[in-house]
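No value in this document is a laboratory result; all are computed from the given coordinates. If you're wondering where the values come from, they're calculated on a predicted model, not measured in any experiment. Cβ sites come from the backbone with ideal geometry, for glycine too, and all protein chains shown count toward neighbours.
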Protein chains: 2
Amino acid sequence: MVSAKMYELGTKKSTIRTIFEFGRKRAAEVGEENIFDFSLGNPNVPTPDFVRDAAIEILKTYEPAQVHGYTVAPGNPNVRETLAKSINARFNTNYAGKNLFITSGAAAAITICFKALAEPGDEFITFAPYFPEYKVFVESVGATLKVVKPRPEDWQIDFDDFKKLLSDKTKAVIINSPNNPSGAVYSKETIAKLAEILKDFGREIFIIADEPYRELAYGVEVAWVPDFYKNTLVCYSYSKSFSLPGERIGYIVVPDEISAFDKIFGAIAGAARVLTHVNAPSLWQLVVAKCAGKSVDITPYEVNGKILYDGLIAAGFECVKPQGAFYLFPKALEADDYAFCERAKKYDLLLVPGADFGAPGYFRAAYCIKQETIERSLPLFKKLAEEYKTIRK
Amino acid sequence: MVSAKMYELGTKKSTIRTIFEFGRKRAAEVGEENIFDFSLGNPNVPTPDFVRDAAIEILKTYEPAQVHGYTVAPGNPNVRETLAKSINARFNTNYAGKNLFITSGAAAAITICFKALAEPGDEFITFAPYFPEYKVFVESVGATLKVVKPRPEDWQIDFDDFKKLLSDKTKAVIINSPNNPSGAVYSKETIAKLAEILKDFGREIFIIADEPYRELAYGVEVAWVPDFYKNTLVCYSYSKSFSLPGERIGYIVVPDEISAFDKIFGAIAGAARVLTHVNAPSLWQLVVAKCAGKSVDITPYEVNGKILYDGLIAAGFECVKPQGAFYLFPKALEADDYAFCERAKKYDLLLVPGADFGAPGYFRAAYCIKQETIERSLPLFKKLAEEYKTIRK
């Protein structure tokens, strides 16, 4: 009577959701302060005052129809110009408004790209560990997701495995840097080598750069991918940079240099249409333009990451140093990451198994939570590690 | 290199778009005041102050994370409860929050329903004249749209033709009352007869009631369809009732009485997920809850409709009296409605051919424009009618 696939997608609980719900239940039993929930990637730095002030000023001073009317599908032309200029100032690029398509957040942005590009039989490639919705979204447009195996020493790219998956069916490569869940930022060398391999392949393949965490990088530079490879679509979101995940606002950059700009921009408009993203929320288009070039103070994330990293290393965990986003992705203390996360629950440490992201044997700890909670969690991580020492003996 | 279908959907200009662009060009040549643009269904009654005030109060007084954080996919639980109570107070129903799924407007709401329900080979039925995006959206979920022929005497339902199209493939029937483009409101008798035919069919068929124009009815009652037929999904939008089309906010009502509530609600969640409607914009969820039960003053639309209707009748046009929405759908003065609309352009009257809505020989005039523009257009409609009298002689 209903679509079996939609029912499955709408009802099968994700691991993260199950952990989160367990956390809510435990919090009711033992108190919120005794639960150490590292499961959710929800920004905890508040939306900056300048965003709220911009929204209030627009509501108070603009004509309502200017604020709340339909915009054309790619977005308010002035907003697109303003955001293009802001990108240009930062990355020394030369975009105009016509190079931007404003979207309802990054999930819409990437899926619009998938749908715009996908032809029957197409494959998309991404790199483990990866955001699991990629698989859902790629399959929803009738294509297949191929996953390159992880490179745990630094969570950069395993190019040997990548080359094995590249084929005549490859339509695009999805990269996510700063990365959820690894916290890695792809180095310029990584991006350059990826670009080189794709250029040498002899057939046009796109890069879809999913960059919701662009602003969250700690002392490392996040490369502007189109500088390295012209056939790149950059997908951005204000969910993290302005702590606005509920408002659904972001954009796609379609550079002039891309092959067949008109074809691609046209197909993006068609994909947005059938995905019923009539236009990105109009007030928020104006707000992000008014706040162009600004972003949240990321110090709290940086401090949290350092405290958690140092604490885990001191407790005997192995972990790549955090470079960006708000996740650590340490090695689990046993091969079975699900069993490890179950054991951690006994200490009310809520962690997500790495297998959920295509990297078994690891776990994700989201540190976008209160610093004090992280500090109080460290003795528990230590106890957990000590329990493993006992087991191993 | 791209999806040919998406490119076509993103670049093929609709008739309405072409007319609108012609209008912009003419306005630049002869002045805005000399263009009589009846082509766009864009609400011209400003967003009410109570909506703006609610938004500002929320921004000023709530914690940012409460306003801008992700909500669960079906929407903020408190918002869903509030809206359910508001519906109950008005329609004497008994819904709870769990019966509502908040969406990014009505386009998302109906397409989520299509995607949730559609199984391979399914057909959806609607009634001419109809909103042309229905065809795009139904086909995008892999189903087929069947269109019942129009009933021009009152734009109610041609039940004989409807019965011919009903089959074992029919998954759902899409109704849109008040109607775009006819302005008709389905009478209780129409809804009751539709329900009776569906009940007698011996197989479960859903009604999807697309109701963005619910609040825009002039002296007639808009039936609450689930009162007549239990397998009804009601899709609502605040685009017209609060003049917020750019903000993308609406909902789906899934009554308890529907067959297999859990299956349907689950499939709706899955469909919203793959259409990347992560959640409806979170600030606007709070705003519409705060303004529950209120709506814009529809008097300007009612006055406009009456002036245009009286003027057209006086000029010799045939037209069903406006009952709702902000459209008139008169008979064209020649069989070829495209030729008629071309001739009207000479007088800078911009009208949309009825064939675009599945009803050739008619035209749509959207009267959500300035009253003064309508008044000044009437002598031109008269001249146009007189030109036809000369032609006929």
Item to complete: Pop the C-beta distance of B:Ala89 and B:Lys12 into the FRET formula with R0 = 41 Å and round what comes out to the nearest 0.05.
Response: 0.40
Practice prompt. Decide, for region B:217-365, between rounded, prolate and oblate: order the square roots of the alpha carbon gyration tensor eigenvalues as a ≥ b ≥ c, take rounded if a/c falls under 1.5, and otherwise choose prolate if a/b is larger than b/c, else oblate.
Written response: prolate
Response to the item:
Output row for B:Asp53: copy-to-copy label distances, label 7 Å along Cα→C-beta, ascending, in nanometres, one decimal, is 2.6
Fill in: Volume per residue that the Cα convex hull of the protein assembly as shown spans, once the total is divided by residue count, Å³
164 Å³
Discussion item. Quick check on region A:49-290: take the gyration tensor over C-alpha atoms, sort the square-rooted eigenvalues as a ≥ b ≥ c, and tell me if it's rounded (a/c under 1.5), prolate or oblate.
Written reply: prolate
Worksheet item: Put a point 7 Å out from Cα along the line to Cβ at A:Lys389; what are the distances to that point in the other copies, in nm, shortest first?
Response: 10.3
Item to complete: Report, to the nearest 10°, how far helix A:188-200 tilts away from the longest principal axis of the Cα atoms in chain A, using its own Cα long axis and a range of 0 to 90°.
Response: 60 degrees
Worksheet item: In a shell of Cβ-Cβ distance under 13 Å around B:Asp160, excluding B:Asp160 itself, what net charge do Lys and Arg (+1) and Asp and Glu (-1) give?
Response: +3
Practice prompt. Any aspartates and glutamates with Cα under 20 Å of the A:Lys383 Cα? List them, leaving off those in the same chain fewer than 8 positions away.
Written response: A:Glu33, A:Asp37, A:Asp310, A:Glu318, A:Glu334, A:Asp336, A:Asp337, A:Glu342, A:Asp348, A:Glu372, A:Glu375
Worksheet item: Which angle between 0 and 90 degrees, to the nearest 10, do you get for helix A:371-392 versus the longest principal axis of chain A when only C-alpha atoms count?
Response: 50 degrees
Item to complete: Between the alpha-carbon centers of region A:351-393 and region A:38-111, tell me the distance in whole angstrom.
Response: 36 Å
Item to complete: Show that you can apply the helix-only estimate: for chain A, add -39,500 (n - 2.57) for every DSSP H stretch of four or more residues, divide by all residues, and state [θ] at 222 nm to the nearest 500.
Response: -13500 deg cm²/dmol
Fill in: Restricting region A:128-230 to GluC sites (Glu not before Pro) in coil, as DSSP defines it, with at most 16 other Cβ within 10 Å
A:Glu153, A:Glu204, A:Glu221
Worksheet item: With a Cα-only, solvent-free Debye model of region A:169-230, what are the log10 I(q)/I(0) values at q = 0.17, 0.18, 0.26, 0.29 Å⁻¹?
Response: -0.57, -0.63, -1.16, -1.34
Worksheet, complete the sentence: The alpha-carbon center of region B:271-311 and that of region B:189-257 are separated, in whole Å, by 15 Å
Discussion item. Taking beta carbons within 10 Å but only from partner chains, what does the mean come to for residues A:112-120?
Written reply: 3
Fill in: Förster-model FRET efficiency, 51 Å R0, B:Lys169 and A:Ile56, C-beta, rounded to 0.05
0.45
Worksheet item: Where the label is 7 Å out from Cα toward Cβ, how close does B:Lys13 come to the same position in every other copy, in nm, shortest first?
Response: 5.3
Response to the item:
Within region A:47-83, the residues whose backbone N lies under 17 Å from a label point placed 7 Å from the Cα of B:Asp49 along the Cα-to-Cβ direction are A:59-65
Item to complete: Could you tally the net charge around B:Ala28, taking each other residue with its Cβ under 15 Å from the Cβ of B:Ala28, Lys/Arg +1 and Asp/Glu -1?
Response: -3
